[in-house]
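The values are calculated or read from the model by the stated rules, or taken from the named source; none is laboratory data. Please read all numbers here as calculations on a predicted model, not as lab measurements. Counting neighbours? That spans all protein chains shown, and the Cβs are built from the backbone with ideal geometry, glycine included. We work out accessible area using only protein heavy atoms, side chains counted, and drop any ligands, DNA or RNA first. Shrake-Rupley method; radii C 1.70, N 1.55, O 1.52, S 1.80 Å.
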Amino acid sequence: MIGEVLQMPSARHTEPVVSINALDHYYGQGRLQKQVLCNINLEIQAGEIVIMTGPSGSGKTTLLSLIGSLRSPQSGSLKVLGQELCGASPQQMVALRRHIGYIFQAHNLLKFLTAQQNVQMSLELHSRSAAVTRAKAEAMLAAVGLAERSRYYPENLSGGQKQRVAIARALVNQPKLVLADEPTAALDKQSGRDVVELMQRLAKEQGCTILLVTHDNRILDIADRIVQMEDGCLTTNAQSSSTAVV
């Protein structure tokens, strides 16, 4: 089955990258059980940039973690890159993660590694040679405008530069799907804009799909589609337009 996961992204061109039907999710058990996702239905097509918005606590990050194979779905259907995650084995979920890039608000860079080493580490998880990983990491950092800072440690980089390293790390393996959770939250207006436009450009060049969770209304115009989450339910599923930006 693991081999099937690895083949599915290229084998089924017309299938949605993400397909969710009647998905529910709960935290806790017994009388303390709380439903955090309710009857989620969503499809995301290859190459789409979809932004998910909504108030804190509405379930956005939970849904993102389920799509990212970081949590196991409890009921309904959740297919990512052709793999059904409801009932999937731990091995299948790990295998799927290799085709997903993750970008988080906190960067999650290792402080004791340089920018290049942080990006290179992602490549090494795929068992490539040291020379290949080094060259690919350097090329990816150049693509995000950090060629001159590849030997810098995170503490010597600005917030925007750290996020660029995180983007390079997420995209260096050319994933089929990129999941971003509040990637501009810690950045000023211009740095945040630069970061999402960089994500948009690189994703289009690589042909990958982006699902981005944000509270930042300044970046909504990069989306092909905006979905709204409220109280664990998807309430809006609309095309993006310049009028959506406030």
- Note on the structure: Filtering segment 24-44 down to residues that are in contact with a Lys or Arg (Cβ under 8 Å, 6 or more places away or on another chain) and not in a strand (DSSP E or B) yields GLY28
- Note on the structure: Counted residues in segment 203-228 being without any contact (Cβ under 8 Å) to a residue 60 or more places away in the chain and surrounded by 23 or more Cβ atoms within 10 Å (Cβ to Cβ) come to 0
- Message: Among the residues that make up segment 86-105, is at least one of them in a strand (DSSP E or B), under 15 Å from VAL172 (Cα atoms) and open to solvent by 40 Å² or more (accessible area, probe 1.4 Å)?
- Response: yes
- Query: Is there any pair linking a residue in segment 133-144 that is without any contact (Cβ under 8 Å) to a residue 60 or more places away in the chain to one that is among the charged types (D, E, K, R), with Cβ under 7 Å and at least six apart or on different chains, and which?
  - Reply: THR133/GLU124; VAL144/ARG164
- Query: Where residues in segment 106-139 are closer than 22 Å to LEU187 by Cβ and more than 22 Å from the chain's Cα centre (by Cα), which of them is least open to solvent (accessible area, probe 1.4 Å)?
  - Reply: THR114
- Query: Which residue out of GLY76, GLY57, GLY47 is in contact with a strand residue (DSSP E or B) (Cβ under 7 Å, 6 or more places away or on another chain), assigned to a loop (DSSP other than H, G, I, E, B) and surrounded by fewer than 22 Cβ atoms within 10 Å (Cβ to Cβ)?
  - Reply: GLY47
- Query: Given the structure, is GLN200 within 14 Å of the chain's Cα centre (by Cα), touching a residue at least 60 places away in the same chain (Cβ under 8 Å) and open to solvent by 40 Å² or more (accessible area, probe 1.4 Å)?
  - Reply: yes
- Answer yes or no: is there a residue in segment 167-176 that is among the β-branched types (Val, Ile, Thr), in contact with a helix residue (DSSP H, G or I) (Cβ under 7 Å, 6 or more places away or on another chain) and open to solvent by 10 Å² or more (accessible area, probe 1.4 Å). yes
